[in-house]
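What follows is one structure encoded as structure tokens, with my remarks underneath.
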Amino acid sequence: MRPAFLSPQRSFKPAMTAGCAAAFAMVLAPLVAIIWVSFFDNKIISFPPKGYTLAWYAAAWDMPRFRDGFVTSLELGAVATLVSLLVGVPASLVLARGRFRGREVVQSLLMAPLIVPGIVAGAAFYMLLIEFEVLTGIQIATTFTGLAIAHSLIALPWTIRLVTASLLGVDSQLAEAALTMGARPLTVFRRVTWPVIRPGVVAGALFSFVISFVDLEKSLFLVGPGTTTLPIVIVNYLEWSVDPTIAAVATVQILLIAAGLVVTNRYFRLTRAF
Amino acid sequence: MSRVSAAPAQPPAGGRTRAGWLLLPSLALVLVGLLLPLVLLARYSVAQFEPAETAISGLTLENYARFFGDPFYLWILARTLTVALSCTAICLLLGLPAAYVISRVTRPGLKTVLILATVIPLLMGNAVRAAGWMMLLADRGLVNSVLVFGGILSDPVRILYTGTAVVIGLIAVLLPFMIISLQSVFDGIGEVYEEAALSMGANPWVTFFRVTVPLAMPGIFSGCLLCFVLAVNAYATPVLIGGPSFQMMGPKVYEQAIKVYNWPFAASLAFILMGVTLVLTLLSSLTLQKRYGAL
């Protein structure tokens, strides 16, 4: 007789749990490794560590390229968030209100930045900016402006998706009712629409920031001297060395992103974003 | 349409026509940031390569001919597709149980933790995750050090800069996408069908593979497609974990555009990459529609 845990009745749950554990081990291993190594008291990664220290965090902060990259990424994230909200929220209001001719086309266009691979879109945008520079003499490639346009674009679909999701299931006639009762459009927005979309807007803002902050493929073509984002600095550093300093830098990014998403999740069930 | 304000019984139409301009800024952003660039890229992909010249000249298919005529590039495409296929298969294998467990967890707190543990890595960025794998897999990385320290290996084995390492790294990147896609379909299916099957005497495995999985098929399809597309287009993982000798399509686009400065060839590489992506997306959505009706 085979043991009880091998019977189909009993083996299902343990097998599923084991599969789940294996999956999470794969997903979390690199992050755990980074956080662990960032405290190692060795210049070269080796096991077991000689001891633990916080020195690498200070060392990383003292390296201008990491500090500059961090600041650039923060600024870029803020600008991309702002722009994607300013153009995305109005679009979401129109899209969520219902059908009109060409709605499908508009929606696919606005979601397209998600579908076109980052490396393709990045190369294409870079070539456009260089052509533009050749024609007009105005340099946008490898400047903050170019990065800001690209990052606003990749944040846009997420903003629209999250804000639209927060409007689904809300009676669109509420706003109409307020309008017919004589409220001015701005009042309607402030008193009726805004309270409804606020969770979506907050989640959209946080998401946009995260998407912009971690972007690598799109920025790759657009960064230049003085405007290099943190992920690119990390990649450039990794091509030469893998040490606790870079682990400390990566840990800062992990904590920042994790905090952003935990906060987002309080406003908006994260699974609704996908 | 013009009588909308006078006829609140049919409110929509007029309000929307007036609101149409609200779409303009976002459409302008997509136009400038994505559509125009893609048109230019298409033009470049059929242009003659003139070293040290940015002006577009000529109309030729030789960039595509060069790609499809050179075994070196075909080999890179084949390798890219093979890596993507293996990653997708393993992601499905690991993603199914993970997503199933998440969607059937009853304690809301635990469910939130598991979802955050999926979404946080998903949005962590490829640079950081590649860094993690480099620390784990390097010759003197954590995995080798622990194995040697524990006496299991006498000398470190080479893991980093191999195809295996790239597949491992990509799985970690793609698995969260698979889990999130599958989890939402499993949530949507609910437990009633499973309970029905179980109460009729099917064992849990039969129930899972004969009831739950077939019901989840559209989600499984789209999860696999998403993984495959992301794997084909990967950049950071192959560059950092695969090293210079393990070449894939994504890094080649960058190399041709920025390092070799052959824009026409870079453009045609990018279009081949996007073509593979689009053809697969179209084919699978057609298959899905045929089998499961409009989604």
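Taken together, the values in this text are just the output of simple stated rules run on the coordinates, not laboratory data. Fair warning: this is a prediction, and the values are worked out from it, not measured in the lab. Neighbour counts run over all protein chains shown; Cβ positions are idealised from the backbone, glycine included.
Each Cα pair under 8 Å and six or more residues apart adds its sequence gap; the mean of these over the residue count of chain A is a relative contact order of 30 percent. Converting phi to 3J(HN,Hα) with the Karplus coefficients 6.51, -1.76 and 1.60 and the offset θ = phi - 60°, the range B:276-282 yields 4, 4, 5, 4, 5, 4, 5 Hz in sequence order, with x at every glycine or proline.
In this Cβ point-charge picture (+1 for Lys and Arg, -1 for Asp and Glu), the protein assembly as shown has a dipole of about 1760 debye about its Cα centre. Cross-link partners of residue A:43 among aspartates and glutamates, defined as those whose alpha carbon lies under 15 angstrom from its own and excluding same-chain residues fewer than eight positions apart: A:243. Annotation: amide H of residue A:40 within the under-5 Å range of A:53, sequence separation 5 or more or interchain, hydrogens built in the peptide plane. Classify the range A:1-62 as rounded, prolate or oblate, taking a ≥ b ≥ c as the square roots of the eigenvalues of its Cα gyration tensor: rounded when a/c is under 1.5, otherwise prolate if a/b is larger than b/c and oblate if not. Cα axes put the range A:1-62 in the prolate bin.
As a rough footprinting exposure proxy, the listed residues A:36, B:133 were ranked by other beta carbons within 10 Å of their own, and the order from fewest upward is A:36, B:133.
What's the longest bit of chain A with no exposed trypsin sites (Lys or Arg not before Pro), using DSSP loop states and at most 16 other Cβ atoms within 10 Å as the test? Before the final figure, lay out each step's value.
Working: sites that count: A:43, A:50, A:99, A:101, A:269.
In chain A, the maximal stretch lacking such sites is A:102-268.
When only Cα pairs below 8 angstrom with a gap of at least 6 residues are kept, chain B shows a relative contact order of 23 percent. With a ≥ b ≥ c taken as the square roots of the eigenvalues of the C-alpha gyration tensor of chain A, please select rounded if a/c is under 1.5 and otherwise prolate if a/b is larger than b/c or oblate if it is not? Judged from the Cα gyration tensor, chain A comes out oblate (a/c at least 1.5, b/c at or above a/b). Taking a point 7 Å from the Cα of residue A:13 along the Cα-to-Cβ direction, the residues of the range B:174-205 with backbone N closer than 14 Å to it are B:204-205.
Stretching the chain fully between residue A:28 and residue A:143 yields a gain of 37.9 nm (0.36 nm per residue, less the alpha carbon separation). On the beta carbon distance between residue A:135 and residue A:236, with R0 = 30 Å, the FRET formula returns roughly 0.45. Could you compute the FRET efficiency for residue B:195 and residue B:155, with r as their C-beta to C-beta distance and R0 at 60 Å, rounded to 0.05? After rounding, the FRET efficiency stands at 0.65.
Taking a straight line from the alpha carbon of residue B:252, these aspartates and glutamates sit under 17 Å away, with near neighbours fewer than eight places off in the same chain left out: A:217, A:239, B:70. Bridgeable lysines around residue A:13 (alpha carbons under 27 Å apart, same-chain partners fewer than 8 residues away excluded): B:111.
Using R0 = 35 Å, the C-beta based FRET efficiency linking residue A:58 and residue B:258 works out to 0.55. Applied to the range B:174-180, the Karplus parametrisation 6.51 cos²θ - 1.76 cosθ + 1.60 on θ = phi - 60° returns per-residue 3J(HN,Hα) values of 8, 3, x, 5, 4, 4, 5 Hz, with x for Gly and Pro. Take every pair of alpha-carbon atoms less than 8 Å apart whose residues are at least six positions apart; their mean separation over the length of the range A:118-274 yields a relative contact order of 32 percent. Is chain B rounded, prolate or oblate when judged by the Cα gyration tensor, a ≥ b ≥ c being the square roots of its eigenvalues, rounded requiring a/c under 1.5 and prolate requiring a/b larger than b/c? Verdict is oblate for chain B. Per-residue 3J(HN,Hα) values for the range A:105-119, derived from phi via the Karplus relation 6.51 cos²θ - 1.76 cosθ + 1.60 with θ = phi - 60°, read 4, 4, 4, 5, 4, 6, 8, 4, x, 6, 8, 5, x, x, 5 Hz in sequence order (x marks Gly and Pro).
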